[in-house]
Amino acid sequence: MPTVRRIVHEFLERNGLTTVFGNPGSNELPFLADLPPSFQYVLGLHEGVVVGMADGYAQATGRPVLVNLHAAAGSGNAMGALTNAVHSRSPLVLTAGQQVRSAIGLEAMLANVEATNLMRPLVAWSGEPATASDVPRAVAQAVFEADVQRRPTYLSVPYDDWAQEVEADTVLDRSVRRGAAPTEEQLAELVARFEQARNPALVLGGDIDTAGLFDRAVAFAEHRSVPTWVAPSPFRLPFPNRHVLFRGVLPAGIGAVSSALEGHDLVLVLGAPVFRYHQHVPGPYLPEGTRLVQVTDDAGAATRAPMGDALIADPGVVLEALLDRTAPRPTEPGYVPNPEPATAPHALHPEQVFAALRDTQPDDAIYVVESTSTNSAWWRQMDLRRGGSYFFPAAGGLGFGLPAAVGMAMGRPDRPVVAVVGDGSANYGITALWSAARYGVPVTFVILRNGTYGALRWFGELLGTPDVPGTEIPGLDFTRIAEGYGVPATTVSDEAALRARLAVGGLQLIQVDTYPTSPE
Ligand code: TZD
Ligand code: CA
């Protein structure tokens with residue numbers, strides 16, 4: 001009879017989960033034994049980095065990804081990074097080793113007490129099979145749940161289960177798919193509401209980019225000349241940021257969103273929560289006389305919204321219906337040129353760094369950004385016209401940038417990947433540099449060194465708490481850290497040197513001394 005291990009390896013192989021991101025302990029070794037040759041194990045040196053790399057890989061490929069973590073200590077280390085994967089809706093299948101069944105109750109070392117509760121608030125589903133023979137089915141459930149719910153899952157498996165033998169009919173050659181098309185009546189009503197609107201606006205979320213709908217969203221905006229915003233706190237870019245119809249990223253305060261949408265009688269939100277606010281800026285949710293319709297396949301994002309009507313459905317189907325059934329009022333496509341980059345009295349202004357990226361990198365470059373005080377500079381200087389070009393930690397959990405860039409480059413070897421990361425953020429995922437060097441992943445890491453937690457200084461002003469301790473980070477030299485992890489690195493302090501380094505491409509770290517700015 002086959003072993004649990006063999007049945008599970010074959011199931012994972014059939015379902016394309018052959019790239020395993022992990023950091024092992026003794027509980028995990030029996031699962032990793034005899035991995036078929038089609039598997040690639042990607043080692044991360046810290047579990048936050050393991051999950052960050054897997055998140056990048058999942059977002060790059062759009063497919064469920066297997067993560068293998070150590071029991072409670074390893075899983076706990078992964079939780080911060082998991083918050084990002086929850087909000088980017090990345091289908092990560094987290095598996096962790098448990099002590100042998102007979103040792104869990106007596107809390108032997110490395111027993112994961114209440115394993116299924118540990119991750120419960122974050123994952124779509126968590127489980128620990130009641131018997132060894134149920135392990136294959138539980139693995140399949142963990143994969144299918146992650147895929148259909150688009151949310152991470154967690155499975156704890158006692159390590160003595162892997163060598164158990166099970167009936168050969170536990171093969172699990174099955175599939176689970178989800179279809180979420182709206183009814184004809186729902187579509188007709190939505191199209192009619194749009195047609196009747198005097199001055200509609202479109203607000204797009206990261207899910208539009210995840211679903212590969214970037215170009216279709218542009219086609220619809222142009223078809224009807226709809227002013228288009230990106231929903232607050234974006235983790236991906238669903239629309240070209242210099243397009244003539246682009247109105248910007250909506251601010252992340254309640255009152256500020258309302259002011260921005262002034263004058264529109266209908267706001268159609270596709271593929272986003274309503275909304276991911278951040279700064280507490282009270283006010284009306286919408287301007288007087290503005291109605292909102294949200295289309296999302298995320299039922300939770302629909303039910304928890306404080307305003308508007310929601311349709312839980314695939315936004316892609318709705319986009320196609322709107323394209324097919326609304327009369328054209330087209331706009332000539334075009335792009336607004338970037339302004340001249342701002343300069344600074346000493347060090348480079350972040351706008352100069354981003355202008356250099358824009359000018360030196362190919363059009364299909366992928367940017368993983370984790371620099372928190374440079375938002376407005378970024379959108380002023382970048383000109384991103386393709387889907388899948390921009391990624392940001394979806395829950396604001398730092399430690400995503402470096403690892404996700406590595407996972408992204410592994411998942412999309414056809415596109416160059418640049419990580420743009422602050423000198424604060426870089427520390428939370430720094431060991432990803434080792435994985436990049438170890439597996440020869442060609443990422444260009446650009447570290448913006450302004451010597452401070454810039455965003456927190458800005459927040460301090462906003463909250464009326466300036467000059468709090470713990471916001472200055474002098475004395476960091478990422479070139480020396482990078483070299484220790486095996487990544488070639490240079491420091492640049494002028495534009496010419498920066499452009500010369502960026503032209504080289506490939507695996508390297510460029511440390512740029514930058515002038516502190518504020519996010520708005
Ligand atoms: N820890 C984690 C895991 N996530 C966080 N978001 C924070 C702490 C708090 N935090 C922010 O929200 S922004 C920020 C911190 C510490 C400063 C990041 O500094 P940076 O970027 O150097 O990367 P800027 O451009 O200087 O702000
Ligand atoms: Ca900084």
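Assorted remarks:
- Extension gain (nm, one decimal) between residue 26 and residue 494, 0.36 nm per residue minus Cα-Cα: 163.6 nm
- Of all accessible heavy-atom area on region 362-520, the percent that carbon and sulfur account for (1.4 Å): 52 percent
- Net charge contributed by nearby residues that have their C-beta within less than 12 Å of residue 287 (K/R +1, D/E -1): -2
- Global form of region 184-325, assessed from the alpha-carbon gyration tensor, a/c cut-off 1.5: rounded
- Alpha-carbon centroid distance for the pair region 132-165 / region 228-251, whole angstrom: 38 Å
- Of the two radii for the chain, the radius of gyration is 0.98 times the Kirkwood radius, both from the alpha carbons; that is the Rg over Rh value.
- Charged side chains reduced to their Cβ positions (Lys and Arg at +1, Asp and Glu at -1) give the chain a dipole of some 460 debye around its Cα centre.
- Whole-angstrom gap from region 445-515 to region 418-444, using each part's C-alpha centre: 13 Å
- Full extension of the chain between residue 376 and residue 518 gives 50.3 nm of extra length, using 0.36 nm per residue less the Cα-Cα distance.
- Gained length - residue 189 relative to residue 41, 0.36 nm times residue gap less alpha-carbon distance: 48.4 nm
- The chain, accessible area per residue, ligands and nucleic acids excluded (1.4 Å, Å²): 39 Å²
- FRET efficiency estimate (nearest 0.05) - Cβ-Cβ, residue 483 to residue 114, R0 35 angstrom: 0.25
- Percent RCO, i.e. relative contact order, over region 4-170, from Cα pairs under 8 Å lying at least 6 residues apart: 26 percent
- Charge dipole of region 184-325 (Cα centre as origin; +1 on each Lys and Arg Cβ, -1 on each Asp and Glu Cβ, all else neutral): 540 debye, rounded to the nearest 20.
- Using the Cβ-Cβ distance between residue 332 and residue 288 with R0 set to 30 Å, the FRET efficiency from 1/(1 + (r/R0)^6) comes to roughly 0.35.
- The antiparallel fraction among DSSP beta bridges confined to the chain stands at about 5%.
- Taking every C-alpha pair closer than 8 Å and separated by at least 6 residues, the mean separation divided by the residue count of the chain gives a relative contact order of 14 percent.
- Exposed trypsin sites (Lys or Arg not before Pro) absent: longest stretch of the chain, with sites in DSSP loops and at most 12 other Cβ within 10 Å deemed exposed: 305-520
- Measuring between their Cα centroids, region 63-108 and region 312-334 lie 41 Å from each other.
- Dipole of the chain, positive direction: furthest Cα of 447, 362, 252, with charges on the beta-carbon: 362
- Solvent accessible area, Å² - residue 70, 1.4 Å probe, full protein context: 30 Å²
- Between the residues 316, 402, 436, the greatest Cα displacement towards the positive end of the dipole of the chain, with unit charges on the Cβ of Lys, Arg, Asp and Glu, is found for 316.
- Sum of side-chain charges, residue 386 neighbourhood, beta-carbon under 14 Å (Lys, Arg +1; Asp, Glu -1): +1
- In range of the label at residue 462: residues from region 502-520 whose backbone nitrogen is under 12 Å from the point 7 Å along Cα→Cβ: 518-520
- Summary value for region 415-520: 34 percent relative contact order, contacts being C-alpha pairs under 8 angstrom separated by 6+ residues.
- Between residue 279 and residue 177, the FRET efficiency from the beta-carbon distance, with R0 = 56 Å, is close to 0.90.
- Computed on the Cα trace of region 350-513, the radius of gyration divided by the Kirkwood hydrodynamic radius gives Rg/Rh = 0.95.
The values are calculated or read from the model by the stated rules, or taken from the named source; none is laboratory data. Remember, it's a predicted structure, so these values are computed and weren't measured experimentally. Note that each Cβ is placed from the backbone with ideal geometry, even for glycine, and that neighbours are counted across all protein chains shown. Heads up: the accessible areas ignore ligands, DNA and RNA and are worked out on the full protein's heavy atoms, side chains in. Shrake-Rupley method; radii C 1.70, N 1.55, O 1.52, S 1.80 Å.
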